Amino acid sequence: MAARIEDYAMIGDLGTAALVSRDGSIDWLCWPRFDSDACLAALLGTSDHGRWQIVPKDPGVRITRRYRPHTLILETRFETADGAATLIDFMPPRRGNSHLIRIVKGERGSVTFAVELVLRFGYGAVVPWVTRIDDVTLRLVAGPDMLVLRTQTKLRGENLKTVGEFTVKAGDQMPFVLSYAASHRPLPEESDPEECLRATEEFWCDWSHRNKIEGPWGEAVTRSLITLKALTYAPTGGMVAAPTTSLPECLGGSRNWDYRFCWLRDATLTLLALMNAGYYEEAHMWRDWLLRAAAGMPQQIQIMYGLRGERRLTEWEVPWLPGYENSKPVRIGNAAHNQRQMDVFGEVMDALHQARQGGLGVNETGWDLQTEMLKHVESVWQHRDEGIWEVRSGAEHFTYSKAMAWVAFDRAIKSAEMHKLPGDLAHWRKVRDDIHRDVCMRGYDADMGSFVRAYGSKELDASLLLLPAIGFLPPQDLRIQGTISAIERDLLVDGFVRRYDTEKSADGLAGGEGVFLACSFWLVDAYLMQHRRKDAEALFERLLSLRNDVGLLSEEYAPGSKRLIGNFPQAFSHLALVNSASNLAHHEKPAEQRAEVEVNGEEKAGVT
């Protein structure tokens, strides 16, 4: 059985990532890309579906771990009755072939380790052909994929596994280098493990020290920014939502999705987090990825894309994997890529406006795309859609989707005014005002004193917390205050925010889910905009306490079992953490940047 989700740490090389459990087992690795087939898939099955474990043979071993400060280098320390040793796991930032390096260093006494490599290509299905090249080199091949393992440890084949053992004493070290290449290519070049370790540490320390966000939560922000960088596909600048698929939103349930893609929903929060932290190169690359992905006919824009902007993300189920803690099905691909979600147009328009405001430059081709997008939004904003949460119960008139259509026109007007870009501003203002009136009339329930999830509904939705953040209404507006109060009353569980009530709000899926961590950070921001700083700080601290021992968050949290659930680590959660920390640290606040409101909460533009 796989470990608890919170017992994993992530290493990566800006092209893919691996999950390493506390007991030294790598249970998830897709190679060569985040969205490639997994060759280690025990996370979603058993050890027979692929893992690589290096662990002391002593069953009484005591384990602690950490990331080296300001890096993505994982150190797991093992203490036994006879000695102590540290396992160092990392992947050097990719330049050519991709390498996963593990170094065991003896610290005192002696420790005997067992090694077990169960490699299974094709999501745990395909056993490779293993060839010994020389005394220190094994080649593992199946179809288009080849891995090469180099180590001084004496390894042998046993029951379709590669196993061995070794002992380290104080001052000893035993390196293992696993490298990927296409099977028709030559063997990957040999790498010096110690030199790779030095260069990897230098890379991450140099990158981390560019962070400009200060304050009492600096460690949490730095770890989140490193995690976000590690989830970035360096060749294109696209950021995956998570490196995993099908980690369940309810243990044993069917709400299991593939998150190894790039969501437009994350566009603005990503840009603001990167720019506020001083990472303008990454923000520029994300902006350019966004423009390339969204290019084409606005009618064909998708809610998510592949790492290079691929559009076909066909969803299928893996019958031979039993799923994490028997949570079925295991899904590859994501059928939601074909859904209509109105909010993505507002996200794209807002992100590109924030990019201009942040000094990333005005891209004329991008402006042409935006003006064409506005024509499409004008023709469809009154239609139903599947909403920000990608429901599978059919389209509705979701309030937040309509508000984001308003954002599309509002940001176009602001960009045109501030940067002297061409456009029919008078017409855009009229459409913006029409949408605003429609949302205030049909998306607000006077009896409840709150905005609602969808027109005609009596249900709430955590996305409504973003209405003041996007500038739709000032945070002190009574309708906003009533909405926040209603969400506090009806959507909080143990003080954390659910996306919506799955028992009352039809979404086409069985079972429930946990509290949604990004939404809980949105409540932190809403508190701040309402000058409820003590409430904001208290909730923020509670959210930080949910991080695992190495500072990582999943998508959701189950208060009953006190477990992290959902795909892991989750970019949306870490983006929200960074932006809330920036708000709390009194920097130019992402919420205020996005809404363009004065500090006293009065909106600069008129409202209904």
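Go through the stretch 1-47 and give me each residue that's in contact (Cβ under 8 Å) with a residue 24 or more places away in the chain, open to solvent by 10 Å² or more (accessible area, probe 1.4 Å) and among the hydroxyl-bearing types (Ser, Thr, Tyr).
Listed by number, the residues that qualify are Thr46, Ser47.
Looking at Tyr123 and the list (1) open to solvent by 10 Å² or more (accessible area, probe 1.4 Å); (2) at positive phi, which single condition is not satisfied?
(1)
Identify the single condition in (1) open to solvent by 10 Å² or more (accessible area, probe 1.4 Å); (2) at negative phi; (3) touching a residue at least 60 places away in the same chain (Cβ under 8 Å) that Gly278 does not satisfy, given that it satisfies every other one.
(2)
Among the numbered criteria (1) within 21 Å of Gly237 (Cα to Cα); (2) assigned to a loop (DSSP other than H, G, I, E, B), which single criterion is violated by Ala355?
(2)
How many residues are under 15 Å from the mean Cα position of the chain (by Cα) and open to solvent by 10 Å² or more (accessible area, probe 1.4 Å) when one looks only at the stretch 235-257?
Within the stretch 235-257, residues that are under 15 Å from the mean Cα position of the chain (by Cα) and open to solvent by 10 Å² or more (accessible area, probe 1.4 Å) number 2.
If you scan the stretch 553-568, which residues turn out to be touching a Gly at 6+ places or on another chain (Cβ under 9 Å), assigned to a loop (DSSP other than H, G, I, E, B) and open to solvent by less than 10 Å² (accessible area, probe 1.4 Å)?
Within the stretch 553-568, Ser554, Glu555, Gly566 qualify.
Could you pull out the residue among Glu79, Glu75 that is acidic (Asp, Glu), within 21 Å of Leu552 (Cβ to Cβ) and free of Cβ contacts under 8 Å to residues at least 60 places away in the same chain?
Matching residue, one of Glu79, Glu75: Glu75.
Pairs please, first residue from the stretch 419-430 and under 17 Å from His376 (Cβ atoms), second anywhere and assigned to a helix (DSSP H, G or I) and of a type in the set (Gly, Ala, Ser), Cβ atoms under 8 Å, 6+ apart in sequence or on different chains.
Correct list of pairs: Gly423/Ala412; Gly423/Ala416; Trp428/Ala412; Trp428/Ala416.
Just a yes or no: is a residue in the stretch 508-516 more than 30 Å from Ser21 (Cβ to Cβ) and surrounded by fewer than 24 Cβ atoms within 10 Å (Cβ to Cβ)?
yes
For the stretch 384-401, indicate whether the set of residues that are modelled with pLDDT of 95 or more and loosely packed, with under 15 Cβ neighbours inside 10 Å is non-empty.
Within the stretch 384-401, not a single residue is modelled with pLDDT of 95 or more and loosely packed, with under 15 Cβ neighbours inside 10 Å.
For the structure I just gave you, tell me whether Leu251 is in contact (Cβ under 8 Å) with a residue 24 or more places away in the chain and either β-branched (Val, Ile, Thr) or not in a loop (DSSP other than H, G, I, E, B) (or both). If you could, list the steps in order and put the result at the bottom.
Values: in contact (Cβ under 8 Å) with a residue 24 or more places away in the chain: yes; either β-branched (Val, Ile, Thr) or not in a loop (DSSP other than H, G, I, E, B) (or both): no.
The answer is no for Leu251.
For Arg499, state whether it is open to solvent by 50 Å² or more (accessible area, probe 1.4 Å), among the basic types (Lys, Arg) and within 23 Å of Ala241 (Cα to Cα).
Details: open to solvent by 50 Å² or more (accessible area, probe 1.4 Å): no; among the basic types (Lys, Arg): yes; within 23 Å of Ala241 (Cα to Cα): yes.
It is false that Arg499 is open to solvent by 50 Å² or more (accessible area, probe 1.4 Å), among the basic types (Lys, Arg) and within 23 Å of Ala241 (Cα to Cα).
Could you pull out the residue among Gln357, Gln341 that is under 20 Å from Ala595 (Cβ atoms), touching a residue at least 24 places away in the same chain (Cβ under 8 Å) and in contact with a helix residue (DSSP H, G or I) (Cβ under 8 Å, 6 or more places away or on another chain)?
The match here is Gln357.
Yes/no per residue for (1) more than 30 Å from Ser254 (Cα to Cα); (2) not in a helix (DSSP H, G or I):
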{"site": "Ala351", "(1), (2)": "yes, no"}
{"site": "Leu360", "(1), (2)": "yes, yes"}
{"site": "Gln382", "(1), (2)": "yes, yes"}
{"site": "Val391", "(1), (2)": "no, yes"}
{"site": "Ala405", "(1), (2)": "yes, no"}
{"site": "Lys414", "(1), (2)": "yes, no"}
{"site": "Asp433", "(1), (2)": "yes, no"}
{"site": "Asp447", "(1), (2)": "yes, yes"}
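Matching residues to (1) at negative phi; (2) not small (Gly, Ala, Ser):
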position	(1), (2)
Ser224	yes, no
Lys229	yes, yes
Thr236	yes, yes
Ser246	no, no
Arg255	yes, yes
Cys262	yes, yes
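Could you check, for the stretch 311-333, whether at least one of its residues is modelled with pLDDT under 95, part of a helix (DSSP H, G or I) and open to solvent by 10 Å² or more (accessible area, probe 1.4 Å)?
No; the residues of the stretch 311-333 include none that is modelled with pLDDT under 95, part of a helix (DSSP H, G or I) and open to solvent by 10 Å² or more (accessible area, probe 1.4 Å).
If a residue has to be within 27 Å of Lys105 (Cβ to Cβ) and assigned to a strand (DSSP E or B) to count, how many in the stretch 127-138 make the cut? Can you show your working first?
As a first pass, look at the stretch 127-138 and keep what is within 27 Å of Lys105 (Cβ to Cβ): 132-138.
If we keep only those that are assigned to a strand (DSSP E or B) too, we end up with 132-134, 137-138.
Within the stretch 127-138, residues that are within 27 Å of Lys105 (Cβ to Cβ) and assigned to a strand (DSSP E or B) number 5.
The values are calculated or read from the model by the stated rules, or taken from the named source; none is laboratory data. Not measured: the values here are computed from a predicted model. No Cβ is skipped: glycine too gets one built from the backbone with ideal geometry, and neighbour counts run over all protein chains shown. What goes into the accessible areas is simple: the full protein's heavy atoms, side chains included, and nothing from ligands, DNA or RNA. Shrake-Rupley method; radii C 1.70, N 1.55, O 1.52, S 1.80 Å.
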